[in-house]
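Below: one structure, written as structure tokens.
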Amino acid sequence: MHNGKTAVITGSSTGIGKSIAREFSKRGAHAVINYVGNPDAANDVVNELNRNGSFAIAIEADVSNQSEVTHMIRKAVETFGKIDVLVNNAGIEKSTPFLDKPLKDWTREIEVDLTGPFICAQAAAREMVERNIKGVIINISSVHEDIAFPGYAAYCAAKGGLRMLCRDLALELAPYGIRVLNVGPGAIATPINKKTLEDPEKRKKLEKEIPMRRIGNPEEVAKLVSFLASEAASY
Ligand code: NAD
């Protein structure tokens with residue numbers, strides 16, 4: 001399905017991003033495992049994918065840092081010749097009541113969750129346009145691009161912004177044959193919400209709010225992302 005394609009997945013040493021990298025790799029893509037701060041986890045993913053016969057590399061870059069992202073995209077192109085898919089998956093969240101939220105926390109969440117996807121999408125799209133690649137950019141947003149969540153004002157604002165960024169880029173890049181999409185998962189069991197899910201009471205309360213009455217798993221998001229990046233979803 002993705003034979004010969006190159007997929008850059010941000011924040012893919014853990015959680016949903018790791019599952020997306022596995023899914024692309026299983027379907028024949030070269031994968032760039034982007035990470036910050038934990039090279040061992042990123043190298044474990046790379047080794048796992050390479051053992052299974054694909055070609056993956058790890059590149060450290062903070063998605064909110066334009067020069068690091070430029071370097072990552074350049075290295076990906078040098079290694080694999082082109083970029084076909086960018087998945088803007090890296091994200092952070094921090095629960096703090098609005099009245100106590102320090103400005104620096106607000107700024108950091110907006111930088112990583114909204115400015116990061118802008119920087120990565122621009123760098124990848126420039127490469128795609130230059131090489132006439134009809135690529136795909138998929139942002140991992142959240143149900144909280146629509147649904148308010150007390151304590152998470154910055155996260156909700158960033159994901160809401162990501163929704164409009166996606167809509168704008170979809171129109172601006174369509175003439176180049178580049179598709180831009182958002183995937184907005186509900187609660188998925190990953191390191192980001194480990195604390196909540198390990199607390200039986202909090203988990204039960206959360207499950208009660210979910211129509212399917214269960215937490216999703218990262219593979220369920222990865223399969224959708226892989227489909228959306230494929231020819232099967234070409235229009
Ligand atoms: P996670 O914490 O396992 O994954 C986030 C990854 O992003 C981590 O590997 C982290 O190191 C990386 N990261 C953080 N800041 C970065 C930066 N500045 N530059 C590069 N990488 C950075 O959690 P996850 O649940 O797998 O989250 C992946 C995405 O899914 C996030 O965007 C998150 O908002 C979104 N999401 C998660 C859920 C959920 O319930 N788990 C629901 C909806 C949306």
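No lab work stands behind these numbers, since they all come straight from the coordinates. Note that this is a predicted model, so its numbers are computed, not measured. Here Cβ is always computed from backbone atoms with ideal geometry, including for glycine, and neighbour counts include all displayed protein chains.
Quick look at the values:
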| quantity | calculated |
| --- | --- |
| Signed unit charges on C-beta, dipole axis of the chain, positive-most listed residue THR115, PHE98, ALA41 | ALA41 |
| Rg ratio (alpha-carbon, reference 2.2 N^0.38 Å) - the stretch 164-203 | 1.90 |
| Relative contact order of the chain, pairs being alpha-carbon contacts under 8 Å that are 6 or more residues apart, as % | 20 percent |
| Kirkwood hydrodynamic radius over Cα pairs of the stretch 180-229, then Stokes diffusion coefficient at 4 °C and 1.567 mPa s, in µm²/s | 109 µm²/s |
| Sequence-separation-based contact order of the stretch 63-201, relative, with Cα cut under 8 Å and 6+ spacing, percent | 28 percent |
| Fewest-first ranking of LYS94, LYS208, using other Cβ atoms within 10 Å as the exposure measure | LYS208, LYS94 |
| Calculated FRET efficiency for the pair ASN132/LYS194, C-beta based, R₀ 45 Å, to 0.05 | 0.60 |
| Neighbourhood net charge (13 Å Cβ-Cβ; Lys/Arg +1, Asp/Glu -1) for ILE137 | 0 |
| Net charge contributed by nearby residues that have their C-beta within less than 11 Å of GLU109 (K/R +1, D/E -1) | +1 |
| Value of [θ]222 nm, deg cm²/dmol, for the chain, DSSP H segments ≥ 4, -39500 (n - 2.57) each, nearest 500 | -15000 deg cm²/dmol |
| ASN89 long-range amide H proximity, modeled H, under 5 Å | THR10, ILE140 |
| Among the listed pairs LYS5/LYS75; LYS18/LYS223; LYS94/LYS194; LYS94/LYS204; LYS94/LYS195, those beyond 19 Å (Cα-Cα) | LYS94/LYS204 |
| Three-way shape label, the stretch 91-233, alpha-carbon gyration tensor, a/c 1.5 | oblate |
| Cα coordinate range in the stretch 1-47, projected on the principal axes (Å, largest first) | 31, 16, 15 |
| Burial ordering of MET164, MET1, MET212, fewest other beta-carbon atoms within 10 Å first | MET212, MET164, MET1 |
| C-alpha center-to-center spacing [the stretch 81-113, the stretch 50-74] in angstrom | 18 Å |
| Against the rule of thumb 2.2 N^0.38 Å, how large the Cα Rg of the stretch 137-203 comes out | 1.35 |
| For the stretch 32-113: relative contact order, % (alpha-carbon pairs under 8 angstrom, 6 or more apart) | 23 percent |
| Kirkwood Rh (inverse of mean 1/r, distinct Cα pairs), the stretch 1-109, angstrom | 14.5 Å |
